[in-house]
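Novice: Below you'll find the structure I mean.
Just so it is clear, none of the values below were taken in a lab; they were calculated from the coordinates. Note that this is a predicted model, so its numbers are computed, not measured. Cβ atoms come from the backbone with ideal geometry, glycine included; neighbour counts cover every protein chain shown.
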Amino acid sequence: MRKFIVLLILLSAFAFFSHCKKSTTQTAIINGAGATFPYPVYSAWAQDYQKETGTRINYQSIGSGGGIKQIESRTVNFGASDKPLKPEELEKLKLFQFPAVIGGVVPVFNLKNVNSAELSLTPETLCGIYLGDIKNWDDKAIKEINPNAKLPNEKITVVSRSDGSGTTAVFTHYLSAVCPAWKEKVGTDTSVKFPTGIGAKGNEGVANYVGRVDGSIGYVEFAYAKQNNLKHVKLKNASGNFIEPSDESFQDAGSSGKFEPENHFYLWLTNAPGAKAWPIAGATFILLAKEKQEINKEVTKFFSWAFIKGDASAKKLIFVPLPNDLKEKIRNYWKANNIQ
Amino acid sequence: MSSNFKDKKYLWDKSIYVFTFSAASLVLLILLGILIVLMIESKLSFDNFGFFRFIFSLEWDPVKVDFGAGTAIFGTLISTLISLLMAIPIAVGTAIFVTEIAPEKLKKPIGMAIELLAAIPSIIYGMWGLFTLTPIMANYVEPILQKSFGWIPVIGTIFQGKPMGIDLLTSSLILSIMVVPFTASISRDAMNLTPSIVKESSYGLGATKWEVIWGIILPYSLPGIVGGAILSLGRALGETMAVAFVLGNKHQIPKSLFDPANTITVTLANEFTEATGDVYLSSLFYLALILFIMSFGILALSKYILARAERRFKR
């Protein structure tokens, strides 16, 4: 009996190792890490890219802050961050930066008697809710904008992110842009001190809490709102129109943004000026180490491929591909920096 | 040839000595290494905030770069305290049931069930807590608690606030469920060690079952029970994933059982990978150092209490 078991173990070990030998051919592997928001798109692109070229892209979604730290210490080949780095920071850390895809952050809510998009908010009311100044759903300020909505006399449960996140960075950047009180009291970062409410872990956590707690409001990337069937708000944009989140409103925000290669595409798309633009949109960025020219060429080859062939899969996952003129600017940026 | 034989045996003994000595020192070195790394990394935060200011400050503001451990330390201590308050009576009661009251046929299944409960990974507790326990707490348990106790003048303040299920009470409950099996097993073993002759003599003198349990068995097994409770305290202090989903993750001192809170472990798990900024990262290391020292201190304290209790009983 014992001999049989030993034989079985040896056979399975042999089978395992011989299988291993077959797959260690000369495949190139590119390692990236960073933002969780674009993870579905990057992994879909990586899968298709590997099928076509055999090069494997290994992306770990550890968060924007993690991505920045890892590319800073050169442990990965590219970093991904929802928060763009300023040109001075890029100079200091010796990094290149360019956007890869665009998404939107959407306030979602849970009210029994109000349907999706039947609740409209202005920047001031959204700010007041998150500052804790507006405490009840039937507050005068909300009622003014929504005269026909059946708003209950209940306390608003505010849900935010407890972990550091690019989604938070985009959301707080928007609030700082439209609300001087927010800018002074709280500020913009991947992790801030929210004045009120509870913190959930990840976009999934916020979606979970808002889905379950009646009378709650939270902010998530649009993909999560759609996948979890959460009710979203209509938000008043910079042009004064109440806009619903959608592919078109994100595209509008994306194309109105003036990305400049000279300052490494540092741009926040929040509060975009277009008439139909969604106010809380943002691009997610790729960071490359300046001195690693050879591996940078491999990374840009991947993203160049994605710019040509990846639009359909990005759209399927409810992301917004970059507008074509921006893609051109990025290609010129690569050429100018010798990483094409 | 006989001298050869002696040399071989001596060599073997010596190598065993060297091997076991290195194994033990390796453990010590790793412990020391961790402590040194924590101290080095937290130096920046220590320089900025000092010792007492950091421990008592309730601020946690990454944008204004102002950090304080007060909320996290308080959350860690209070959630552990509440969980132990709930867990120890249940654990000791279970142990009493299994050793003294249960019929023979039930003893083994209940014992096995307790041990299985202890084997469940903590993240499964976290997931179960979020998806199953939280709605039950929010819709049934917490409103009932609020109605029954919320009106009492002083104590009622800890039952205020909208019951969401994602708060201090639910996380303490999950912690106590995790703590019960360990404490129950150890208490059961401690109670089984009561010499049966003492029990039989008290029965012979006419004592009831309860008098024997309360007067004889519990005093005898008290050191063991306390030891088990303190080990569970150590485990509850370090629990992360079980609590991370249901605690609400808010850097504040909870004023009610239904308020969200934060613990050191949950703060570290949530914010470590994304902490940009040197002071931010250093403050997280500082928190970790505080937890390290706290756990160490509590373990040392428990050993001291146990040693004193055992000395008292050996009299």
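Novice: Over 13 Å apart: what share of the alpha carbon pairs of segment B:59-105 falls there, rounded to a whole percent?
Specialist: Cα-Cα pairs in segment B:59-105 separated by more than 13 Å: 70 percent.
Novice: Let me ask something else. What is the pair-distance distribution P(r) of segment A:193-277, computed from all Cα-Cα distances in 5 Å bins starting at 0, with each bin given as a whole percent?
Specialist: With a bin width of 5 Å, the distribution comes to 3, 13, 19, 17, 17, 17, 10, 3, 1, 0.
Novice: Report the gain in length on full extension from A:Lys185 to A:Ile295: 0.36 nm times residue separation, minus Cα-Cα distance, nm rounded to one decimal.
Specialist: Full extension from A:Lys185 to A:Ile295 adds 35.3 nm.
Novice: Output the pairs from B:Lys147/B:Lys250; A:Lys183/A:Lys234; A:Lys143/B:Lys162; A:Lys83/A:Lys183; A:Lys276/A:Lys327; A:Lys51/A:Lys292 with a Cα-Cα distance over 19 Å in this structure; if there are none, say none. List each step's numbers first, then the result.
Specialist: Values: B:Lys147/B:Lys250 25 Å; A:Lys183/A:Lys234 23 Å; A:Lys143/B:Lys162 22 Å; A:Lys83/A:Lys183 17 Å; A:Lys276/A:Lys327 22 Å; A:Lys51/A:Lys292 26 Å.
Checking Cα-Cα distances, B:Lys147/B:Lys250; A:Lys183/A:Lys234; A:Lys143/B:Lys162; A:Lys276/A:Lys327; A:Lys51/A:Lys292 exceed 19 Å.
Novice: Using the number of other C-beta atoms within 10 angstrom as an exposure proxy, rank A:Cys179, A:Cys127 with the fewest first.
Specialist: The fewest-first ordering by Cβ neighbours comes to A:Cys179, A:Cys127.
Novice: Give the order of A:Lys329, A:Lys297, B:Lys108 when sorted by the count of other beta carbons within 10 angstrom, beginning with the fewest. Could the numbers behind the result be given before it?
Specialist: Values: A:Lys329 18, A:Lys297 14, B:Lys108 11.
By the 10 Å Cβ count, ascending: B:Lys108, A:Lys297, A:Lys329.
Novice: Output the 0 to 90 degree angle, nearest 10, between the alpha-carbon long axis of helix A:202-212 and the longest principal axis computed from the alpha carbons of chain A.
Specialist: 40 degrees
Novice: Please report, in debye to the nearest 20, how large the charge dipole of segment B:67-156 is about its Cα centre when each Lys and Arg carries +1 at its beta carbon and each Asp and Glu carries -1 there.
Specialist: Working: 4 positive and 4 negative charges, 19 e Å.
Using only the charged Cβ atoms, the result is roughly 80 debye.
Novice: I've got another one for you. When the gyration tensor of the protein assembly as shown is built from Cα positions, what are the square roots of 5 times its three eigenvalues, in whole Å, from largest to smallest?
Specialist: Values: eigenvalues 511, 269, 110 Å².
Gyration-tensor ellipsoid for the protein assembly as shown: 51, 37, 24 Å.
Novice: Put +1 on the Cβ of each Lys and Arg and -1 on the Cβ of each Asp and Glu in the protein assembly as shown; which of A:Ser64, A:Ala149, B:Ala269 then has its Cα farthest toward the positive end of the dipole?
Specialist: B:Ala269
Novice: Of A:Asn332, A:Pro38, A:Ala28, whose Cα points farthest to the positive end of the dipole of chain A (charges on the beta-carbon: +1 Lys, Arg; -1 Asp, Glu; origin at the Cα centre)?
Specialist: Farthest along the dipole direction, towards plus: A:Ala28.
Novice: Would you list B:Thr20, B:Thr265, B:Thr157 from fewest to most Cβ contacts within 10 Å? Walk me through the numbers on the way to the answer.
Specialist: Working: B:Thr20 10, B:Thr265 23, B:Thr157 13.
The fewest-first ordering by Cβ neighbours comes to B:Thr20, B:Thr157, B:Thr265.
Novice: Treat each spin label as a single point 7 Å out from the Cα along the C-beta direction, and report the B:Trp214 to B:Ile120 distance in nm.
Specialist: In this crude label model, B:Trp214 to B:Ile120 measures out at 3.3 nm.
Novice: Can you give me the distance in nm between label points at A:Val6 and B:Ile155, each placed 7 Å from the Cα along the Cα-to-Cβ direction?
Specialist: Computed distance between label sites A:Val6 and B:Ile155 equals 6.7 nm.
Novice: Scaled to the compact-protein estimate 2.2 N^0.38 Å, what is the alpha-carbon radius of gyration of chain B, rounded to two decimal places?
Specialist: 1.24
Novice: Another question, then. Rounded to whole Å and sorted largest first, list the principal axis extents of the Cα atoms in chain A.
Specialist: 76, 64, 34
Novice: Under 1.5 on a/c is rounded, so check that first for segment A:60-103, then, if it is not, pick prolate when a/b is larger than b/c and oblate when it is not; a ≥ b ≥ c are the square roots of the alpha carbon gyration tensor eigenvalues.
Specialist: oblate
Novice: Rank B:Ile253, B:Tyr220, B:Ser232 by how far each Cα sits towards the positive end of the charge dipole of segment B:199-315 (+1 on Lys, Arg Cβ; -1 on Asp, Glu Cβ) and give me just the farthest.
Specialist: B:Tyr220
Novice: Starting from the 7 Å offset along Cα-to-Cβ, what nm value, one decimal, do you get for the label separation of A:Ala141 and A:Arg331?
Specialist: Here the answer is 4.7 nm between the modelled labels.
Novice: As an exercise, take the mean of 1/r over every pair of distinct alpha carbons in segment B:134-254, invert it, and state the Kirkwood radius in angstroms. Write down the numbers at each step before the final one.
Specialist: Details: mean 1/r = 0.0573 Å⁻¹.
It works out to 17.4 Å.
Novice: Mean separation of Cα pairs under 8 Å and 6+ residues apart, divided by the residue count of segment A:203-278: what relative contact order is that in percent?
Specialist: 27 percent
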